[in-house]
1. Might you let me know whether region 18-33 holds any residue that is within 25 Å of Asn80 (Cα to Cα), open to solvent by 50 Å² or more (accessible area, probe 1.4 Å), modelled with pLDDT under 95 and of a type outside the set (A, V, I, L, M, F, W, C)?
2. In region 324-349, what residues are of a type in the set (S, T, N, Q) and either surrounded by 16 or more Cβ atoms within 10 Å (Cβ to Cβ) or touching a residue at least 60 places away in the same chain (Cβ under 8 Å) (or both)?
3. Count, please, the residues in region 350-373 that happen to be surrounded by fewer than 21 Cβ atoms within 10 Å (Cβ to Cβ), hydrophobic (A, V, I, L, M, F, W, C) and part of a strand (DSSP E or B).
4. Criterion first (touching a Pro at 6+ places or on another chain (Cβ under 6 Å) and at pLDDT 95 or above) does Gln168 satisfy it?
5. Limited to region 151-180, what total is found for residues that are closer than 17 Å to Thr284 by Cα and of a type in the set (Gly, Ala, Ser)?
6. Could you tell me whether Thr249 is under 19 Å from the mean Cα position of the chain (by Cα) and part of a loop (DSSP other than H, G, I, E, B)?
7. When you check Gly261 against the structure, is it more than 26 Å from Trp141 (Cα to Cα), without any contact (Cβ under 8 Å) to a residue 40 or more places away in the chain and open to solvent by less than 30 Å² (accessible area, probe 1.4 Å), yes or no?
8. Filtering region 407-424 down to residues that are of a type outside the set (Ser, Thr, Tyr) and modelled with pLDDT of 95 or more, which residue is surrounded by the fewest Cβ atoms within 10 Å (Cβ to Cβ)?
Amino acid sequence: MIRSPDPLLPLWHATAPPMREGASAAADAGVELATRSAQTIVIGAGVTGLSAALHLAERGASVMVLEREGPGLGTSGRANGQIIAGLQQSPDAIVATYGADPGERIVEFSGKAPDLVFDLIARHGIACNAERSGWVQATRWTRGLKALEKLAGSWEQRGAPARMLDRQEIGEVLGTRVYAGGWLDQRNGMIQPLAYARGLADAAARAGAAICCGVDVTDLTRRDQQWILSTNRGELRAETVVLATNVYTSQLQGIAKALLGRTYLSAYSVQLASEPLSESQRKTLLPQRHSCGDTGHLRLRYFRLDGEGRLVIGGPGWITPPRSASAISFCVLEHSARRMFPQLEGTRFQYRWAARDTLTPDLLPHLYEPAPGMFSALGYNGRGLAIGTALGSVLARRVLGEAANALPYPTTDASSVPLNLPAAARFYLNLAMERWRH
């Protein structure tokens with residue numbers, strides 16, 4: 001068995017192919033950037049920033065991406081890798097919130113987000129173990145079936161290939177008996193998320209974007225109708241700035257932190273990856289290679305198989321990251337995985353890692369324009385790979401001058417999370433951990 005040298009190294013970091021040579025300026029980290037310029041600077045090289053940069057560069061814009069570490073090394077490259085249509089809110093709830101016409105545009109746009117992901121993968125030849133084998137949302141309780149029937153029906157009415165699964169069928173599809181039923185959405189699939197991010201970076205670089213790693217942006221100020229960016233490698237100027245920092249937005253200073261840094265909460269999720277399963281195990285555990293997420297909140301589980309047949313399963317962590325492989329969040333998740341899948345007896349889990357996620361009060365991502373020439377998308381609530389890619393393309397359209405009201409996703413005003421919400425979040429997370437301990 002190959003063991004990870006880092007006890008908290010994500011599986012994806014160990015198995016992703018390297019970026020194409022010359023695509024990243026990471027090796028040039030000691031060179032000052034002040035002599036370089038770009039019409040648009042994108043801060044953050046996760047899927048949103050890289051998608052924005054790619055779409056901008058393909059349309060001839062001068063664009064530079066600034067990244068503190070490397071493409072995909074934040075939350076994007078630590079995700080479970082599920083590509084899911086739609087948002088955490090149901091289509092009916094979105095329409096009720098935004099109104100019929102705007103709501104339906106959001107629903108249609110988010111429902112087609114996987115199409116964009118798999119199109120980019122095919123068009124740019126991104127090697128990321130992409131599979132469009134379908135996604136199941138499951139519930140452990142019969143009382144939860146009515147809500148899933150309504151959700152599946154709302155998507156089916158809009159033309160999505162969705163259908164319900166009863167207890168017997170979902171047991172056969174997933175290889176576990178813990179679920180009472182669920183629904184299957186054939187639009188969805190899975191990828192190796194870090195390989196996908198690196199592939200987007202390669203594609204953006206080939207299109208003409210400058211990908212500059214090892215750059216720590218500390219402050220942004222507006223002066224003479226330009227943005228001034230203070231970095232560890234000099235001062236930069238740009239006409240427009242795209243903030244694609246998501247959960248790390250609060251670490252910036254100046255306008256970005258003041259106007260956007262308080263619009264979300266953050267918490268950590270944790271994941272495990274097993275050693276490759278045997279052929280006999282794969283016949284009963286996710287035999288059709290669907291990915292899955294259940295309807296739990298405090299006890300959420302989401303899982304899939306990777307390209308080599310490892311089970312990759314995730315769930316809630318804590319408001320601080322786990323410090324070691326023996327952290328209680330990992331122990332709870334492993335115990336749960338073994339109870340769900342008796343087929344795992346004797347199978348070892350090789351990888352354990354955490355990812356920091358954004359949580360918004362309405363469970364929806366938001367586009368923001370907090371100041372002239374500043375554009376941002378953040379707040380993915382655990383579904384960032386598909387919708388983050390799609391919103392990156394919308395940010396590019398907006399930067400290039402398309403009217404906000406002509407876009408398929410609305411721009412909203414930034415508002416701070418209520419002061420009592422972090423305390424409530426801590427309370428419920430603590431309650432969840434206490435429940436798991438017993």
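1. Yes: region 18-33 contains one or more residues that are within 25 Å of Asn80 (Cα to Cα), open to solvent by 50 Å² or more (accessible area, probe 1.4 Å), modelled with pLDDT under 95 and of a type outside the set (A, V, I, L, M, F, W, C).
2. Residues satisfying the conditions are Ser324, Ser329, Ser336, Gln343, Thr347.
3. Number satisfying all stated conditions: 3.
4. Judged against the criteria, Gln168 is not a match.
5. 2
6. On the way: under 19 Å from the mean Cα position of the chain (by Cα): yes; part of a loop (DSSP other than H, G, I, E, B): no.
No: the conditions fail for Thr249.
7. Answer is yes for this residue.
8. Taking the candidates together, the pick is Pro410.
The values are calculated or read from the model by the stated rules, or taken from the named source; none is laboratory data. Since we're looking at a predicted model, the values are computed, not measured. Counting neighbours? That spans all protein chains shown, and the Cβs are built from the backbone with ideal geometry, glycine included. We work out accessible area using only protein heavy atoms, side chains counted, and drop any ligands, DNA or RNA first. Shrake-Rupley method; radii C 1.70, N 1.55, O 1.52, S 1.80 Å.
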